[in-house]
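Structure record follows, encoded as structure tokens.
The values are calculated or read from the model by the stated rules, or taken from the named source; none is laboratory data. The structure displayed is predicted, hence computed values, not measured ones. Cβ atoms come from the backbone with ideal geometry, glycine included; neighbour counts cover every protein chain shown. Ligands, DNA and RNA are stripped out before the accessible areas are found, and what is left, the full protein with its side chains, is counted by its heavy atoms. Shrake-Rupley method; radii C 1.70, N 1.55, O 1.52, S 1.80 Å.
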Amino acid sequence: MADRDRRRALLAEIRRIGGRITSGQAHAFYRATGWGPCRSTARKDLQWWTRRGVLVQRGSTDNRAYTVAR
């Protein structure tokens with residue numbers, strides 16, 4: 001249940017801020033809202049949404065961002 005709630009909160013935040021986020025921003029969001037997982041959890045959650053076609057991964061490994069799929 002916690003994983004689902006955390007991922008849904010992240011997706012809502014992505015939509016709220018305009019549909020684009022980096023893993024660093026996702027990690028900061030988690031810390032600010034008390035979810036507090038490590039940065040790798042933020043990356044995994046972004047990739048989870050990407051595999052389901054909700055987000056699209058853009059950019060190189062060092063400059064990656066995720067946007068809401070159209």
* To do: Enumerate the calculated ³J(HN,Hα) couplings along the stretch 34-44 in order (Karplus 6.51 cos²θ - 1.76 cosθ + 1.60, θ = phi - 60°), each rounded to whole Hz, writing x wherever the residue is Gly or Pro.
  => x, 5, x, x, 6, 4, 5, 5, 4, 4, 4
* Asked: Residue by residue through the stretch 3-16, which ³J(HN,Hα) values in whole Hz follow from phi under the Karplus form 6.51 cos²θ - 1.76 cosθ + 1.60 (θ = phi - 60°), with glycine and proline marked x?
  -> 4, 4, 5, 4, 5, 5, 5, 5, 4, 4, 5, 4, 5, 5
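Ranked from highest to lowest mean number of other Cβ atoms within 10 Å per residue, what is the order of the peptides 51-64, 11-24?
On the way: 51-64: 11.1, 11-24: 14.6.
For the peptides 51-64, 11-24, the packing ranking is 11-24, 51-64.
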* To do: Tell me which residues come under 5 Å, amide H to amide H, from Leu55 once H is placed; ignore anything under 5 positions away on its chain.
  => Thr50, Ala69
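Taking only protein heavy atoms into account and a 1.4 Å probe, give the accessible area per residue of the chain in Å².
Details: 4500 Å² over 70 residues.
Per residue, the chain has an accessible area of 64 Å².
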